[in-house]
Amino acid sequence: MYEQEQGPLAGFTVGVTAARRADELAALLRRRGAAVVHGPALRIVPLADDAELLAATKELIADAPDVVVATTAIGFRGWIEAAEGWGYGDELLACLRGVELLARGPKVKGAVRAAGLTEDWSPSSESMAEVLERLLGEGVAGRRIALQLHGEPLPGFVEALTAGGAEVVGVPVYRWMPPEDLGPLDRLLDGVLAGSLDAVTFTSAPAAASLLTRAEDRGVLVELLAALRHDVLAVCVGPVTALPLQAQGIDTLQPERFRLGPLVQLLCQELPSRARTLPVAGRRVEIRGHAVLVDGELRPVPPAGMALLNTLARRPGWVVSRADLLRALPGAGRDEHAVETAMARLRTALGAPKLIQTVVKRGYRLALDTPSETKYADA
C-alpha cells in the first residue's frame, strides 16, 4: 500500500510552533510523509547573566533547601553552567548533593548525572503532576523547595505546595520571549486561517498562548478560534501545554506519553482517520489536506482544485451548481469561467477525468458508485 511505503501523513500539512527541538519534530513528521510549516511562536532567552538567577543561586547556597525539583535538561545544564561562570559552580554542586533531588523525566535525569549528581527519584510518567503528588504525599509543611522554572507556567503547582505549608524558591533559568522575526509565525497563522493546514502542534503552553496573542494583535483571534475548533486539529504534547487553548474552548488531542514520538504517532492515527474516503467511478478516492489518494496513489492537487473537490465531496453524487462552486473558490470573483478552468486542472491533477462528471447546464458531480458498483467493498 502507498501509505506504508510513503508514510501515513502523506498529503497532510502540519504546523509546528516549537522553538526548541523544532527540527527534531519536523523531521519526524516529514519522515512519515507530512508537509511541515514551521512558525516558531517563541524564542528561548537564557538568563546566564540575569541578576534574578544569580540571586536565587546565592540564596540556595547560603541556605540549602530540603528539596530541589529539576524540570528540564536544558534548564538544569544552563543553571550549572551559569553558576560556574559566576564562580559558584562547586558551591552549587555541593549544595545539590546534600538535598533531595527530583528529576522530571529521563533527559533531566541525564543532565543531573552529567553534572556528577544523582537524583533521588524521577517519575515514570515524566509528569509534573506526579512530582507534585509525591511531594504532597511526603508532606511539605515547613519544607523549603527549590523549583527550577522552565519558562512556562506550572498551573497550581506552586500554589499547591504553598497551601501545604512549603516555602517555594523559584530558579528562573531561561524565559520564553516572542520571536524576533514574526514572519514565519504569521505564515503559519495565515495557513490555519486559510485552511491549508490540517493540524498544528504545540509543545509548550507559552507557544499556544503566543499564537493566540499574535492572532489577537492582528485582529483575527475570532477566526483563529473558529478554525481550531472546527477545521484544524490542535495537538499538544501534554495537558499543561493544552491549557491556554482549552481556556478558549478549543478541544485538543494529547498522547498518553508526553513526548514528541507519541505526539507524531497520534497524528498518524488521527489525520488519516478524518480523511473522507469515497467510491468514485470504480476508484477508491481518499481526500486529504493538499492531495488525494486515488487507488493508493498520491495525487497532489492545487488549492483551488481542493476547494472544488471538498465542495463536491460534501454532497457526493449530487449535482453542485457552478455558482456554488464559484463561491468555494478562493478569490475567484464572479466569473463562472474560473470554475471551468479550476475544474480542468483538478481533473488533470487527479489523473482520472471520469471521477467528476459534467452535468450540462447544471454543474458538476462526483461519479459516486452505487454499492453494487463498488469494486473494493470487500477489500
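The values are calculated or read from the model by the stated rules, or taken from the named source; none is laboratory data. Since we're looking at a predicted model, the values are computed, not measured. FYI the Cβ positions are ideal-geometry reconstructions off the backbone, even for glycines, and counts take in every protein chain you see. Keep in mind that these areas ignore ligands, DNA and RNA; they rest on the heavy atoms of the full protein, side chains included. Shrake-Rupley method; radii C 1.70, N 1.55, O 1.52, S 1.80 Å.
Rounded to the nearest whole Å³, what is the per residue volume of the convex hull around the Cα atoms of the stretch 240-315? Each step should come with its number before you reach the end.
On the way: hull volume 10.4 nm³, N = 76.
Hull volume normalised by residue count: 136 Å³.
Take THR348: with every protein chain present and a 1.4 Å probe, its accessible area is about 100 Å². For the stretch 66-199, averaging the sequence separation of C-alpha pairs within contact (under 8 Å, six or more residues apart) and dividing by the residue count gives a relative contact order of 24 percent.
Other residues with beta-carbon under 10 Å from the beta-carbon of ILE356 carry, at +1 per Lys or Arg and -1 per Asp or Glu, a net charge of +3. Specify the inter-centroid distance of the stretch 227-256 and the stretch 89-119, based on alpha-carbon positions, in whole Å. Computed from Cα coordinates, the inter-centre distance equals 33 Å.
In a fully extended conformation the segment linking VAL360 and ALA247 would gain 35.7 nm over its present Cα-Cα distance, using 0.36 nm per residue. Rolling a 1.4 angstrom probe over the protein heavy atoms with all chains in place gives the stretch 1-111 an accessible area of 43 Å² per residue.
When LEU193, LEU102 are compared by accessible area of protein heavy atoms, the largest-first order is LEU193, LEU102, using a 1.4 Å probe. In vacuum, with every alpha carbon of the stretch 103-178 counted as one equal point scatterer, what does the Debye formula give for log10 I(q)/I(0) at q = 0.11, 0.24, 0.25, 0.28 Å⁻¹? Two decimals, please. The calculated log intensity ratios at q = 0.11, 0.24, 0.25, 0.28 Å⁻¹ are -0.30, -1.30, -1.34, -1.40.
Just to verify a number: FRET efficiency for ALA129 and GLU297, C-beta to C-beta distance, R0 = 51 Å, to 0.05? Don't skip to the end; give the middle numbers.
Values: r = 46 Å, r/R0 = 0.89.
Rounded to the nearest 0.05, the efficiency is 0.65.
Taking every C-alpha pair closer than 8 Å and separated by at least 6 residues, the mean separation divided by the residue count of the chain gives a relative contact order of 15 percent.
Give, as a single signed number, the net charge of other residues whose beta carbon lies under 15 Å from the beta carbon of ARG314, with Lys and Arg counted +1 and Asp and Glu -1. Display every interim value, and only then the final one.
Details: positive: ARG274, ARG276, ARG315, ARG327, ARG365; negative: ASP231, ASP324.
Its environment carries a net charge of +3.
A crude spin-label estimate for the pair THR213 and GLN269, with each label 7 Å from Cα along the Cβ direction, gives 3.4 nm. Counted by Cβ distance under 15 Å from ALA27, the other residues give a net charge of +4, where Lys and Arg count +1 and Asp and Glu count -1.
Computed in the context of the full set of protein chains, the accessible area of the chain at 1.4 Å probe radius has 50% of its extent on carbon or sulfur.
Take every Cα pair under 8 Å whose residues are at least 6 apart in sequence, average their separation, divide by the length of the stretch 141-281, and the relative contact order is 19 percent.
Rounded to whole Å, the principal axis extents of the Cα atoms in the stretch 262-379 read 46, 37, 21, largest first. Nearest 0.05, what FRET efficiency do ASP66 and GLU256 give at R0 = 41 Å with Cβ-Cβ as r? About 0.80, to the nearest 0.05.
Modelled this way, with points 7 Å down the Cα-to-C-beta line, the labels at ALA344 and MET177 are 5.4 nm from one another. Of the two radii for the stretch 33-97, the radius of gyration is 1.16 times the Kirkwood radius, both from the alpha carbons; that is the Rg over Rh value.
Applying a DSSP loop filter and a limit of 11 other Cβ atoms within 10 Å to the GluC sites (Glu not before Pro) in the stretch 157-237 leaves GLU180. Less than 5 angstrom separates the built amide H of VAL292 from those of ARG299, VAL301, all sequence-distant by 5 or more or on a different chain. Relative to its Kirkwood radius, the Cα radius of gyration of the chain gives an Rg/Rh of 1.11. Here the simple spin-label model places points 7 Å from the Cα toward Cβ, and for TRP121 and LEU136 these points are separated by 1.4 nm.
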